[in-house]
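As structure tokens, the structure follows; a few thoughts come after it.
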């Protein structure tokens, strides 16, 4: 995993130098862009969702879980703010929140959780095996940790936003903690010029 992140950051540095002036991504760049790993899984919308269903939109993937105390809510709030900053262009952005905790994150739970941030955000869940494969495909690590003194547990996981262009290609990724303005900046590049 560390080698993957290091190589990604090195590629990002080289790629940023090649971007046209004024069009540099704030996050790391996939150079060359690569097809985003496909999936077809249950969603908070109540129906199965395929990544390909959003072709023609810019998609942001966030991996997390609804019981997350700090990181996931901050990321989701930043994504909602970034979408608002884009104004009318935000309608061409789709946020997909993929759970790392499918045992607790049912479609119904994800729907009510995500509605607190933006009713248009879609949650993705599935079986342990399905989610495990998706985490592997995107290079996300996740682990369950017991909560001391209870039968409950929490999750630790890597936290990146993956930006997928209108053609279904991975174009950029951004680590946790970047401001909404940086997210909106990179989304605006992928959305292209105002129509």
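Looking only at segment 132-186, residues that are in contact with a helix residue (DSSP H, G or I) (Cβ under 6 Å, 6 or more places away or on another chain) and farther than 22 Å from residue 27 by Cβ come to 0 in all.
Considering only residues in segment 91-107 that are outside any strand (DSSP E or B) and touching a residue at least 24 places away in the same chain (Cβ under 8 Å), the one that is nearest to residue 170 (Cα to Cα) turns out to be 92.
Okay, residues lined up against (1) crowded, with 20+ Cβ neighbours inside 10 Å; (2) in contact with a helix residue (DSSP H, G or I) (Cβ under 7 Å, 6 or more places away or on another chain); (3) within 19 Å of residue 171 (Cα to Cα); (4) at pLDDT below 95:
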residue	(1), (2), (3), (4)
21	no, no, yes, yes
28	yes, yes, yes, yes
32	no, no, yes, yes
41	yes, yes, no, no
54	no, no, yes, no
58	yes, yes, yes, no
81	no, yes, no, no
109	no, no, no, no
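Based on this model, can you work out whether residue 110 counts as touching a strand residue (DSSP E or B) at 6+ places or on another chain (Cβ under 6 Å), more than 17 Å from residue 59 (Cα to Cα) and touching a residue at least 12 places away in the same chain (Cβ under 8 Å)?
Details: touching a strand residue (DSSP E or B) at 6+ places or on another chain (Cβ under 6 Å): yes; more than 17 Å from residue 59 (Cα to Cα): yes; touching a residue at least 12 places away in the same chain (Cβ under 8 Å): yes.
Yes; evaluated as a whole, the condition is true for this residue.
Among the residues of segment 149-172, those identified as in a strand (DSSP E or B), closer than 19 Å to residue 101 by Cα and over 12 Å from the mean Cα position of the chain (by Cα) are 153, 154, 155, 156, 157. Here segment 120-137 is the region considered, the condition is being under 16 Å from the mean Cα position of the chain (by Cα) and assigned to a loop (DSSP other than H, G, I, E, B), and the residue that is surrounded by the fewest Cβ atoms within 10 Å (Cβ to Cβ) is 120.
When the test is whether a residue is within 12 Å of the chain's Cα centre (by Cα), touching a residue at least 60 places away in the same chain (Cβ under 8 Å) and surrounded by fewer than 16 Cβ atoms within 10 Å (Cβ to Cβ), residue 175 passes it.
The values are calculated or read from the model by the stated rules, or taken from the named source; none is laboratory data. The shown structure was predicted, so the numbers you read here are calculated from the model rather than taken from an experiment. FYI the Cβ positions are ideal-geometry reconstructions off the backbone, even for glycines, and counts take in every protein chain you see.
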